[in-house]
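Data first, discussion second: the structure below is written as structure tokens.
The values are calculated or read from the model by the stated rules, or taken from the named source; none is laboratory data. Note that the structure is predicted; figures quoted are calculated from it, not measured. Note that each Cβ is placed from the backbone with ideal geometry, even for glycine, and that neighbours are counted across all protein chains shown. For the accessible areas, the whole protein counts, side chains as well, though only heavy atoms, and no ligand, DNA or RNA atoms are used. Shrake-Rupley method; radii C 1.70, N 1.55, O 1.52, S 1.80 Å.
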Amino acid sequence: MVDEPDDASEPQLSEYAHPEEDVQPESSEPRRYPSTIGGMVYLVALVACVTGTVIVTRGHWRTGIVWIALALIAAAIGRLVLPQEQAGMLEVRRRSLDVATLAGFGIVILILNATIHSR
């Protein structure tokens with residue numbers, strides 16, 4: 001026999017559901033896209049990475065790699081200087097981890113690019 005709640009008309013919420021967080025405040029101002037400065041920084045970095053990838057496929061791999069590395073470093077700087085509520089898609093984990101990861105990969109890519117000798 002299955003135990004049924006006393007009041008079957010009341011919806012059951014899981015322990016993870018937070019319906020009050022899903023409610024958006026009503027505003028007469030239309031929504032901006034992206035809605036945060038960090039979202040814009042993310043999109044600019046993404047476009048720079050795609051540009052770098054296109055440059056690499058055209059045969060100028062060193063220049064394309066520099067574009068990608070600088071995009072990662074720019075995203076790291078954006079994550080470092082933006083407040084948490086404006087970080088948008090740049091915010092994945094703690095600020096220090098996000099900045100270290102983005103800047104670290106960017107710097108390592110620049111170093112590898114500089115140390116590879118082409119014939």
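Values computed for the structure shown
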{"read-out": "Some residue of segment 71-78 being farther than 15 Å from G106 by Cα and either open to solvent by less than 50 Å² (accessible area, probe 1.4 Å) or of a type in the set (A, V, I, L, M, F, W, C) (or both)", "value": "no"}
{"read-out": "Residue list for segment 56-70, restricted to those being outside any loop (DSSP other than H, G, I, E, B), open to solvent by 40 Å² or more (accessible area, probe 1.4 Å) and not basic (K, R)", "value": "V56, T57, W61, T63, I65, V66, W67, L70"}
{"read-out": "Total residues in segment 63-112, condition touching a residue at least 40 places away in the same chain (Cβ under 8 Å) and under 15 Å from T36 (Cβ atoms)", "value": "10"}
